[in-house]
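Shown next, in structure tokens, is the structure this report addresses.
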Amino acid sequence: MRDGVIEVSPGRFRETFGRYFEDFEVGHIYEHRPGRTITDTDNVHFTLLTMNTHPAHFDYEFAKNTEFKKPLVCSPLTVALMVGMSVSDTSQKAVANLGWDKIRLSHPLFPGDTLYAESEVLDKRESSSRPEQGIVTVKTIGKNQDGKIVCTFERTMLIWKRGFGGADD
């Protein structure tokens, strides 16, 4: 049987995702794949769905007069994609996200760019009030197809310990 699968009854298998608290090691880096090419439609839909009315994200004529000469990907879309890309590695077995810190947007991202992400485990500790859970902090880095860092942030999560929670039910 391959990793990431459990046998739930004879001849019946279920794919599993994520890591329990015990599986995290400070300093480990998880490369999240696949990458995601951001389309113009993704950008316009997200921008308008979230009521971000800045024309730099959806008005090509306006964008031509900016220093970038074309629309920018809406920055919360970049963060949301990076979080989503990291879920199966970092928070599939989370109870809750506790916070995002130090969000930095260091290079523009444009429709047509492909976003890749990776997360490094910065810290882990036992929860003082929930013995069946622990707290993990990761730093996630987003890069474009050329390897330029476009965004970084730290995220802290409450994670189930092995044998607790319903993550594998």
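The values are calculated or read from the model by the stated rules, or taken from the named source; none is laboratory data. Here the structure is a predicted model, which means the values were calculated and not measured. Cβ: placed from backbone, ideal geometry, glycine included. Neighbour counts: every protein chain shown. Surface areas here come from the heavy atoms of the whole protein model, side chains and all, with no ligands, DNA or RNA. Shrake-Rupley method; radii C 1.70, N 1.55, O 1.52, S 1.80 Å.
Quick notes on this one:
- Residue in region 132-151 that is open to solvent by 30 Å² or more (accessible area, probe 1.4 Å) and over 20 Å from Leu77 (Cα atoms) present: yes
- The test for being farther than 23 Å from Ile38 by Cβ and in contact (Cβ under 8 Å) with a residue 12 or more places away in the chain holds for Ile159.
- Which listed residue, of Phe21, Phe68, Phe58, Phe62, is surrounded by 14 or more Cβ atoms within 10 Å (Cβ to Cβ), at pLDDT 95 or above and over 17 Å from the mean Cα position of the chain (by Cα): Phe21
- Of the residues making up region 137-167, those that are part of a strand (DSSP E or B) and touching a Leu at 6+ places or on another chain (Cβ under 8 Å) are Thr137, Val138, Lys139, Gly142, Lys143, Val150, Cys151, Glu154, Thr156, Met157, Leu158.
- Test for Met1: is it at pLDDT below 90, more than 24 Å from Ile159 (Cβ to Cβ) and out of contact with any helix residue (DSSP H, G or I) (no Cβ under 9 Å at 6 or more places or on another chain): yes
- For Met85, the conditions (1) over 20 Å from Arg19 (Cα atoms); (2) modelled with pLDDT of 95 or more are fulfilled apart from (1).
- Checklist (1) closer than 24 Å to Arg36 by Cβ; (2) surrounded by 13 or more Cβ atoms within 10 Å (Cβ to Cβ); (3) more than 14 Å from the chain's Cα centre (by Cα) applied to Lys124, failing item: (1)
- Residue under evaluation Phe13, criteria (1) in contact with an Asp or Glu (Cβ under 7 Å, 6 or more places away or on another chain); (2) under 30 Å from Ile135 (Cβ atoms); (3) surrounded by fewer than 16 Cβ atoms within 10 Å (Cβ to Cβ), criterion not met: (2)
- Selection status of Phe164, within 20 Å of Met82 (Cβ to Cβ) and among the aromatic types (Phe, Trp, Tyr): no
- Among the candidates Pro71, Pro111, Pro55, the residue that is farther than 30 Å from Arg19 by Cα, touching a residue at least 60 places away in the same chain (Cβ under 8 Å) and touching a Pro at 6+ places or on another chain (Cβ under 9 Å) is uniquely Pro111.
- Counting only strands (runs of 3 or more DSSP E) that fall entirely inside region 1-84 and contain at least 3 residues that are touching a Gly at 6+ places or on another chain (Cβ under 6 Å), no element qualifies.
- Asp101 vs. criteria surrounded by 13 or more Cβ atoms within 10 Å (Cβ to Cβ) and in contact with a strand residue (DSSP E or B) (Cβ under 9 Å, 6 or more places away or on another chain): no
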